[in-house]
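To start, the structure itself, in structure tokens.
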Amino acid sequence: MSDRIETFGRERERLNEIVMKYAGMPIKRFYSLDSQVYREGALPEKTKEMLGLVGSLVLRCDDCITYHLVRCHECGATDAEIEEALSIGLIVGGSIVIPHLRRAFETWDTLKGL
């Protein structure tokens, strides 16, 4: 994995530790709900991560896109699955998501070691 992806993971962890230092019950509950919703259930974990990826693309959150791409990679998503998920995000989000789509595919290449 690239330095960029590793740096992203470390920075995310560091910042989450700072958040938790100040977090009251509402923030802690939200974080808990966020982790629970992506667990295996009626939908497989990989499918849930791809849904999160689509939502993140539509909302144009590069940090979230990176996080969900990492998780999709860890869950064994294929190039074809990622392309289809990102295509849905492009249709829903429109041309304004194209810069994020570009970075998403670049991140996917990075995760695959290309």
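Any read-out appearing in this document is the output of simple, stated calculations on the displayed coordinates, not a laboratory observation. Worth saying up front: this structure is predicted, and the values here are computed from it rather than measured. Every residue, glycine as well, gets a Cβ built from its backbone with ideal geometry; the counts of neighbours run over all protein chains shown.
A few notes on this one:
- Within region 1-50, the GluC sites (Glu not before Pro) that combine a DSSP coil assignment with at most 15 other C-beta atoms in a 10 angstrom radius are Glu40.
- Over the chain: Rg over Rh, Cα atoms, Kirkwood Rh: 0.98
- Stretching the chain fully between Asp109 and Leu43 yields a gain of 21.2 nm (0.36 nm per residue, less the alpha carbon separation).
- From most to least packed by mean Cβ count within 10 Å, the peptides 28-39, 54-65 give 54-65, 28-39.
- Calculated FRET efficiency for the pair Asn16/Asp79, C-beta based, R₀ 41 Å, to 0.05: 0.85
- Dipole magnitude of the chain about its Cα centre (Cβ charges: Lys, Arg +1; Asp, Glu -1), debye to nearest 20: 460 debye
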